[in-house]
């Protein structure tokens, strides 16, 4: 919802940090528990590498500065780390 | 389209300009503009050792070598209900609004932004860094320089 600008990032972080919310995540989606949902990060990076979103948009989605985008991409192994055969597309 | 036309640059161009030391040359002899939001995005670059090096743009703005322009609410509204709001950052949206409404050129190496310019019928206002300031490419590592050329972006 924050990524869609429906709620502020601060509110999203507050909700994500809520103990009850995390407990529910443990039950339903254990792999997403932690300081940030890794799957979301990977999807966002993939969308950037596939030219579906811009560098600045990726920075907004990950709540980082544009200057830090290259570091995040290196962290996930670059374009090579994203070759899982899954294609992404956003409607025009 | 001459390189003397007022030209907006995106945050990555500024960041690379400071990191690879071509920013001073870029703003000398070119009318370089930043959108208000891009101005807020440019804070530091990441050096090779991982250190965050602050970017001091204020002196450039104060001396007028870099100018800041803001899109109006009406200009931004023209893009508000398009898919670009999902694909582009706020700074790029503001730049596009300014390009469409006021005829700026836009220097970016971002595929999504260039495709949006094509969709909006303002691709002739796209100014790759390699054409705006060819000497800048000489400051960049080859892998980085390649992204700033026209041929790096596929519109298909």
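The values are calculated or read from the model by the stated rules, or taken from the named source; none is laboratory data. This structure is a prediction, so every number in the text was calculated from the model and none was measured. Quick reminder, even Gly has a Cβ in these numbers, built from the backbone with ideal geometry, and neighbours come from all protein chains shown.
Take the range B:8-30 and flag every residue that is within 18 Å of residue B:40 (Cα to Cα) and either at pLDDT below 95 or assigned to a helix (DSSP H, G or I) (or both).
B:11, B:12, B:13, B:14, B:15, B:16, B:17, B:18, B:19, B:23
If residue B:61 satisfies all but one of (1) within 14 Å of another protein chain (Cβ to nearest Cβ); (2) surrounded by fewer than 18 Cβ atoms within 10 Å (Cβ to Cβ); (3) assigned to a helix (DSSP H, G or I), what's the number of the condition it fails?
Single failed check for residue B:61: (1).
Could you please find all residues in the range B:47-58 being surrounded by 10 or more Cβ atoms within 10 Å (Cβ to Cβ) and more than 18 Å from the chain's Cα centre (by Cα)?
B:47, B:52, B:53
If you take the residues of the range A:46-56 that are touching a helix residue (DSSP H, G or I) at 6+ places or on another chain (Cβ under 6 Å), assigned to a helix (DSSP H, G or I) and crowded, with 22+ Cβ neighbours inside 10 Å, which of them is farthest from the other protein chains (Cβ to nearest Cβ)?
Selected residue: A:48.
A quick yes/no check of all residues on (1) in contact with a strand residue (DSSP E or B) (Cβ under 8 Å, 6 or more places away or on another chain); (2) under 19 Å from residue A:56 (Cβ atoms); (3) more than 9 Å from chain A (Cβ to nearest Cβ):
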residue: B:27; (1), (2), (3): yes, no, yes
residue: B:31; (1), (2), (3): yes, no, yes
residue: B:55; (1), (2), (3): yes, yes, no
residue: B:65; (1), (2), (3): yes, no, yes
residue: B:73; (1), (2), (3): no, no, yes
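Which members of the range B:77-119 meet the condition of being over 17 Å from the mean Cα position of the chain (by Cα) and more than 10 Å from chain A (Cβ to nearest Cβ)?
B:77, B:78, B:79, B:80, B:81 - these are the residues of the range B:77-119 that are over 17 Å from the mean Cα position of the chain (by Cα) and more than 10 Å from chain A (Cβ to nearest Cβ).
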